[in-house]
Each structure stands twice: as C-alpha cells, then as structure tokens.
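Engineer: The structure's right below; bear with me while I get my questions together.
The values are calculated or read from the model by the stated rules, or taken from the named source; none is laboratory data. Bear in mind the structure is a predicted one, so any value in this text is a computation, not a measurement. No Cβ is skipped: glycine too gets one built from the backbone with ideal geometry, and neighbour counts run over all protein chains shown.
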C-alpha cells in the first residue's frame, strides 16, 4: 500500500456536502417515467443523508407533476445504476420561459451501487471513515506539507489471516474534529485501504463484508457508531471499477469526541 492514502472524497470544516453525481436522471413508477437532469449529493449537516435533486423541466409538466405528486416511492435511474427513492420535496414554477418542475429524493435504503461491469473483480478498496477520533501509535507516518513542515498522521494496521486493512487519519482530521466538538455533525476523518494479504482479487460482495467488519470494530473502539462510507474498488489496472454509496448508522461527533 502507498505511504499516504489518498481519499477519493474529502471534506473540511467549511464543507457541508459532497456532489457524487451530475447528469441524466429518469424517474420510473409502474409503467410511467419522466426524464430530467440532476445530481446526487451527500449532505453532512445538520445530519448525514444521501439525496438526489432533479430538474424535470424537459418532461411534460402534466406527466411529471402526476408521477411525482402521486407516487411516494419511485425508481431513480442514472447512467451508472438505479435505486429506490422517496419523493421528499416537490417544487413548481412558471415564467416567460415556460413551466418547470423539480424534485428532491431520499434514497431508501440509503444505498447506491454502480459497477463498470457485473462481474467486476477488485484488487483493493478505499473507504472513507466518518467521525472516528484522532490517535497516535508506533506505526504513525510523517506527512510533509507542500508549504513546508511535517505533520504526524495516525496510522494503524488491522490484519487478519486473509486481509490487510490500513487505517489513516487525513491531514485535516484534528482540525475537523475540533470544529465538530463544538458544532456536532458529521465529517470524513479517516480513510481505510483494504486488500488481500496475498494480493489476489476479490468480489464486490466480499468487499462489502469486510467494510461491515471494519464498521463494527471501529464502532466498538470508539464507543459510538463510526461508519465506512463511499467505498471505491479498484481493479488490477488501478481503474475505479466499483463504487458503493451506502450510509450506516453513525453517532454525532460532539457526543463521543473527548
């Protein structure tokens, strides 16, 4: 594994959301469907949730309003996958340019998966850990800032007979934790990289099982729920081949940071 894990997604004290997707969106309910554009956003404040926000102005206004106002649950389809979602908000507006309709959706469950191919094989994964405390230990590393100076980065290896997981703080972890001690909320504090000890490939299902074990271990160590999210799997050519946006129960920062 590399000396410093580079997270795919990052958040600092001034960031309250991460945009995960922007592009085409189709809402389907039974035999009816409407097309639009939108984005997927992971919100961190005041609580953590995954939402899609869509604009269906290009769809027939009557069809769009009927589908979105009548259906509590729809299937959302994007270029990368599909998921069930609840219609959480609906907005309409008219102007000299025409009639527009927009909607927000909460994923139910809070999970979205897409693969580059159905039988994808993974060489390693990087997941992002939410609300885990900073720590020091014998395997910490020295991180050199571009502007000069070094910073000690907490690192620990969680090994089994078959797997190796390397957990690292991010350079901004301590600053983010200090902010959350006062304001609460959620933030990405660590990254974890997982691979097989023998370097062989594994499936997306195996990666999910390992993330669940990491979730339980870190939560026990913290004394509060601390979840891995936004897991990205890389193939043998180091291409991102699998990504899972799933949210597990996570304890607010201010309730467990000391």
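Engineer: Can you tell me which condition residue 112 does not meet? The list is (1) touching a helix residue (DSSP H, G or I) at 6+ places or on another chain (Cβ under 8 Å); (2) under 25 Å from residue 233 (Cα atoms); (3) crowded, with 19+ Cβ neighbours inside 10 Å, and all the others hold.
Structural biologist: (1)
Engineer: While we're here: I want to confirm something. Restricting to the stretch 212-236 and keeping residues that are buried (at least 23 other Cβ atoms within 10 Å of the Cβ) and touching a helix residue (DSSP H, G or I) at 6+ places or on another chain (Cβ under 7 Å), which single residue is nearest to residue 121 (Cα to Cα)?
Structural biologist: By that ranking, first place goes to 233.
Engineer: Just the residues that are part of a strand (DSSP E or B) and either surrounded by fewer than 23 Cβ atoms within 10 Å (Cβ to Cβ) or not assigned by TED's automatic domain parsing to the domain that holds residue 178 (or both), please, taken from the stretch 129-141.
Structural biologist: Correct list: 141 only.
Engineer: Could you please give the count of residues in the stretch 7-44 that are touching a strand residue (DSSP E or B) at 6+ places or on another chain (Cβ under 8 Å) and under 20 Å from residue 229 (Cβ atoms)?
Structural biologist: Count: 18.
Here's the yes/no breakdown for (1) in contact (Cβ under 8 Å) with a residue 40 or more places away in the chain; (2) assigned to a strand (DSSP E or B); (3) within 24 Å of residue 224 (Cβ to Cβ):
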site	(1), (2), (3)
158	yes, yes, yes
164	yes, yes, no
182	yes, no, yes
198	no, no, no
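Engineer: For the list (1) buried (at least 16 other Cβ atoms within 10 Å of the Cβ); (2) at pLDDT 90 or above, I need the number of the one condition that residue 71 fails.
Structural biologist: Exception for residue 71: condition (2).
Yes or no, residue by residue, for (1) modelled with pLDDT of 90 or more; (2) over 19 Å from the mean Cα position of the chain (by Cα):
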site: 5; (1), (2): yes, no
site: 13; (1), (2): no, no
site: 27; (1), (2): yes, yes
site: 61; (1), (2): no, yes
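Engineer: Among (1) touching a strand residue (DSSP E or B) at 6+ places or on another chain (Cβ under 7 Å); (2) at negative phi, there is one condition residue 181 misses while meeting the rest; what is its number?
Structural biologist: Of (1) touching a strand residue (DSSP E or B) at 6+ places or on another chain (Cβ under 7 Å); (2) at negative phi, only one is false for residue 181: (1).
Engineer: Here's another thing I want to ask about it. Here's a check for you: in the stretch 177-199, which residue that is within 27 Å of residue 236 (Cα to Cα) and under 16 Å from the mean Cα position of the chain (by Cα) is surrounded by the fewest Cβ atoms within 10 Å (Cβ to Cβ)?
Structural biologist: Applying the filter and picking the extreme gives 193.
Engineer: Within the stretch 49-59, take every residue that is buried (at least 22 other Cβ atoms within 10 Å of the Cβ) and under 19 Å from residue 20 (Cα atoms) and give me the one that is modelled with the highest pLDDT.
Structural biologist: 54
Engineer: So which strands (runs of 3 or more DSSP E) stay within the stretch 1-66 end to end and still have 1 or more residues that are more than 30 Å from residue 129 (Cβ to Cβ) and touching a helix residue (DSSP H, G or I) at 6+ places or on another chain (Cβ under 7 Å)?
Structural biologist: Because the criterion is at least 1 residues that are more than 30 Å from residue 129 (Cβ to Cβ) and touching a helix residue (DSSP H, G or I) at 6+ places or on another chain (Cβ under 7 Å), the strands (runs of 3 or more DSSP E) in the stretch 1-66 that meet it are 17-29, 32-43.
Engineer: Scan 161, 157, 150, 220 and give me the residue that is modelled with pLDDT under 90 and at negative phi.
Structural biologist: It is 150.
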